[in-house]
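A.B. asks: Before I ask anything, here is the structure I am working with.
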Amino acid sequence: MRTTRWVRRSGAPRLEFGADYNPEQWPREVWDDDVRAMREAGVTIVSLGIFSWARLEPADGAFDFGWLDDVLDLLHANDILVDLATATASPPPWLTAAHPEILPIDRNGNTIWPGGRQHWRPTSKTFRTYALRLVRELATRYAEHPALCAWHVSNELGCHNIYDYSDEAAQAFREWLRSRYRTMDALNHAWGTAFWSQHYGDWSEILPPRIAATQPNPTQQLDFKRFSVDVLRDYYRAEKAILRELTPDIPVTTNFMVAGAVKDIDYTDWVDEVDFVANDHYRHPGPQSLDELSFSANLTGNLAGGEPWFLMEHSTSAVNWQPVNVAKRPGELDRDSLTHVAHGSDAVSFFQWRQSRAGAEKYHSAMLPHAGTDSAMFRSVVALGERLRGLAFVAGTRRKKAPAAIIFDWQSWWAAEQDSHPTDRLLYRREAVDWYTAFLNAGVRADVVPVTASLTDYPVVVAPILHVIPADLGARLTTYVQNGGHLVTTYFSGIVDENDHIWLGGYPGPLRDALGLRIEEFAPLLDDEQAELDNGTTGTLWTDRIEVAPDTEVLASYKTGEMAGRPAVTRHPFGAGSAGYVSTRLGPDGITPVLAEFLSRAGVTSELPPDLRGRVELAVRDNVRFLINRTDDPIDLGPDGRLAPRGVAVLR
């Protein structure tokens, strides 16, 4: 079990409340107005200095900390904690002008120029020299400042610069590969270089997967993703080492991005690098918007091992970077915030405190909007702060393990969506969220867990599109079923090993015996095709030509077309448990009755009364229950009162 070092503070436990604070965007006289409004809103913590490098070091080696001293002192005088950023997320113009070699290169060979943010190479030794010098100056100056409660390394590492294809990155990639494979023979085997005459004779011949005449080698692509994540983590460690040296008592973290389609960093290897897990999450419009929020919060809570984590950023209302930026409706500010709390967050923070007057994010909502304190938004923020103060008893409680789990695997996400596959329409995370929605529809709590998590205590485990299954994972899942667990997996699972090599002998590779079936050929569907099932559901995207073992039960068959009569959904008793298979994309509505059958066979039932199932999400932290209204209608909770539309009840 990982151990969390929470933000440094004294006093009774509480839920922290705050935002990114960017005072450098405003004249000095505004700061006093800011802290007065912060106190009115109940703000307890701010993340400070995230994009302030150009103000802190306006010229090479010429540091200006006077303004930051003033802000820290002002915040401390008003009992507001500071999560101080290392300010290294975006290098200042003087640095990129003097050292253009720190700028990333895209896969087409184009330079990523300054003018936005995160315009630096993770492999750049020059960038690291300047960035770490700034970190050391900050840590030395503010080590003893009483407002300092945590260090915030960079910001959303890899959000815009994770993939760099420069010559510098190429050299670092070769070094990473040499460490991973040791010998050229091992690399050639892993990459399958016998295909297309790609055999390498020397490490110097290897390049990143730049733009090529055809699709680059798939294992090369997969390894470049792994390499890019490791390089960023190594950079994080370099900053953390300085902070540990100079401020050993101050916890260190960085903000993850477990949200929507953000897929580039596998955070399973990052959780032990941070003193407390922090996450940024923004909703996308759509019918599963709230379910996706809950899914991401749930996964973040399980990455944190069930211990409290920090919601570092989300929005009070509309963002600025979607094609259409929709404002939140009444009740959604509270509901979104408390859904994160329900899944383990002990802090609710936003981007940002005061809405910007200029710059790329001036239309992004904030706690203090352009309209000022005399606004519906600010009044809603004040009300949320008051509610969070009343929920202090939640602070420090742990997430209660659910009766079911959904496995989430970044490696499968990466590999399953690479090019040259049976279909390019497959979306790994969409399938996972569909299953999560089906659990919510059934009123059954399900933990979203990383693939490395222990599954022993879960009666039911769903592994959607678990495409990459190394031998040890295949053995672990098989043992789980043999020992009495009930596994459900889906199409395009168990297809390749960690090198993206096909498991031979028929799909789904190492799960064939447990599932009691064998597939010789995939049958993906065209965009206008559907597959009717005899249980009344309809599949899209994919079908499989399945051969079942004699003791495999067919729960649903294809009803029409060339697949008519073939198995579509199966269940196989194996050892003391069972393994189920769903061979098509059913969507959340189609999954719901199928999941109900699997849950019934496993003896898993809802903890909610029948009339609340599907309408209310239940989340539990120790002895505290959160009832989240998934609808736009009021809901009668009986003795527990009434849920407003989009409301949340917190019951001890």
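A.B. asks: Determine the equivalent ellipsoid of segment 516-577 by diagonalising the alpha-carbon gyration tensor, then write out the semi-axes as square roots of 5 times the eigenvalues, largest first, rounded to whole Å.
C.D. replies: 22, 12, 9
A.B. asks: Using C-alpha positions alone, give me the convex hull volume of segment 354-462 per residue in cubic angstrom.
C.D. replies: 212
A.B. asks: Give me the base-10 log of I(q)/I(0) for segment 403-480 at each q in 0.18, 0.19, 0.20, 0.25 Å⁻¹, Debye formula, one uniform scatterer per Cα, rounded to two decimals.
C.D. replies: For segment 403-480, the Cα-only Debye profile gives -0.76, -0.83, -0.91, -1.21.
A.B. asks: Across the Cα atoms of segment 455-525, what radius of gyration and what greatest pairwise Cα-Cα distance (Dmax) are found, in Å?
C.D. replies: Considering segment 455-525 through its Cα atoms, Rg and Dmax are 11.8, 37 Å.
A.B. asks: From the gyration tensor of the Cα coordinates in segment 150-228, what semi-axes in whole Å does the equivalent ellipsoid have, largest first, with each one equal to sqrt(5λ)?
C.D. replies: Numbers: eigenvalues 138, 42, 23 Å².
In descending order, the three semi-axes are 26, 15, 11 Å.
A.B. asks: If you project the alpha carbons of segment 175-218 onto their three principal axes, what span does each projection cover, largest first, in Å?
C.D. replies: Cα spread of segment 175-218 along its principal axes, largest to smallest: 29, 19, 16 Å.
A.B. asks: For each pair in K225/K328; K263/K328; K263/K401; K125/K263; K125/K225; K263/K400, compute the distance between the two Cα atoms and list the pairs where it is over 32 Å.
C.D. replies: Long pairs (Cα-Cα over 32 Å): K225/K328.
A.B. asks: Applying the Karplus parametrisation 6.51 cos²θ - 1.76 cosθ + 1.60 with θ = phi - 60° to the phi angles of segment 270-278, what ³J(HN,Hα) value in whole Hz is obtained for each residue in order, glycine and proline being reported as x?
C.D. replies: The phi angles translate into 9, 5, 7, 8, 10, 6, 8, 6, 10 Hz.
A.B. asks: If eta is 0.890 mPa s and T is 25 °C, what Stokes-Einstein diffusion coefficient results for segment 1-148, Kirkwood Rh from Cα pairs, in µm²/s?
C.D. replies: It comes out at roughly 144 µm²/s.
A.B. asks: Calculate, in whole percent, how much of the Cα-Cα pair population of segment 145-195 lies beyond 13 Å. If you can, show how the numbers build up before the last one.
C.D. replies: Working: 931 of 1275 pairs.
That tail contains 73 percent of the Cα-Cα pairs.
A.B. asks: Next question. Over all Cα pairs of segment 572-652, how is the pair count split among 10 Å bins, expressed in % and running from 0 up to the last occupied bin?
C.D. replies: With a bin width of 10 Å, the distribution comes to 15, 37, 29, 16, 4.
A.B. asks: Still on this model: Loop-only check: which trypsin sites (Lys or Arg not before Pro) in segment 310-362 are DSSP coil with at most 16 other Cβ within 10 angstrom?
C.D. replies: Working: sites: K328, R335, R354, R357, K362; in loops: K328, R357, K362.
When the trypsin sites (Lys or Arg not before Pro) of segment 310-362 are filtered for loop state and at most 16 Cβ neighbours within 10 Å, R357, K362 remain.
A.B. asks: Could you please state how large a percent of the accessible area of segment 484-607 is carbon and sulfur, counting protein chains only and using a 1.4 Å probe?
C.D. replies: It is 46 percent, rounded to a whole number.
A.B. asks: So for segment 176-334, Kirkwood radius off the Cα pairs, Stokes-Einstein at 25 °C and 0.890 mPa s: how many µm² s⁻¹?
C.D. replies: Rounded to a whole number, D works out at 129 µm²/s.
A.B. asks: Follow-up. How large a share of the accessible area of segment 166-308, in percent, is made up of carbon and sulfur atoms when the probe is 1.4 Å and the other protein chains stay in place?
C.D. replies: 51
A.B. asks: Oh, and also: Please give the per residue accessible area of the chain, computed with a probe of 1.4 Å over protein heavy atoms only, in Å².
C.D. replies: Values: 24920 Å² over 652 residues.
It amounts to 38 Å² per residue over the chain.
A.B. asks: Let me ask another. Taking each pair of distinct Cα atoms in segment 394-550 once, what is the resulting Kirkwood hydrodynamic radius in Å?
C.D. replies: 16.6
A.B. asks: Once a ≥ b ≥ c are taken as the square roots of the eigenvalues of the Cα gyration tensor of the chain, is the result rounded (a/c under 1.5), prolate (a/b larger than b/c) or oblate (a/b not larger than b/c)?
C.D. replies: Oblate.
A.B. asks: Kirkwood Rh, Cα Rg: Rg to Rh for segment 488-632?
C.D. replies: That ratio equals 1.03.
A.B. asks: Fully extended, how many nm does the chain gain between A143 and E562 (0.36 nm per residue separation, minus their Cα-Cα distance)?
C.D. replies: 143.8 nm
A.B. asks: Okay, moving on. Taking amide H atoms as placed 1.01 Å from N in the peptide plane, list the residues 5 or more away in sequence, or in a different chain, whose amide H sits under 5 Å from that of L637.
C.D. replies: HN-HN under 5 Å from L637: R642, L643.
A.B. asks: With θ set to phi - 60°, apply the Karplus curve 6.51 cos²θ - 1.76 cosθ + 1.60 along segment 466-476 and write out the HN-Hα couplings as whole Hz, x wherever there is a Gly or Pro.
C.D. replies: So the J values, rounded to whole Hz, are 7, 5, 9, 10, x, 4, 5, 5, x, 5, 5.
A.B. asks: Output the Kirkwood hydrodynamic radius of segment 427-471, Cα pairs only, in Å rounded to one decimal.
C.D. replies: Final number for the Kirkwood radius of segment 427-471 is 11.7 Å.
A.B. asks: Whenever you get a sec, line up H189, H119, H284 from highest to lowest accessible area (probe 1.4 Å, protein heavy atoms).
C.D. replies: Working: H189 125, H119 10, H284 85 Å².
If we order H189, H119, H284 from most to least accessible, we get H189, H284, H119.
The values are calculated or read from the model by the stated rules, or taken from the named source; none is laboratory data. Small disclaimer: the values here were computed from a predicted structure and weren't measured. Cβ sites come from the backbone with ideal geometry, for glycine too, and all protein chains shown count toward neighbours. Ligands, DNA and RNA are excluded from the accessible area calculation, which covers all protein heavy atoms including side chains. Shrake-Rupley method; radii C 1.70, N 1.55, O 1.52, S 1.80 Å.
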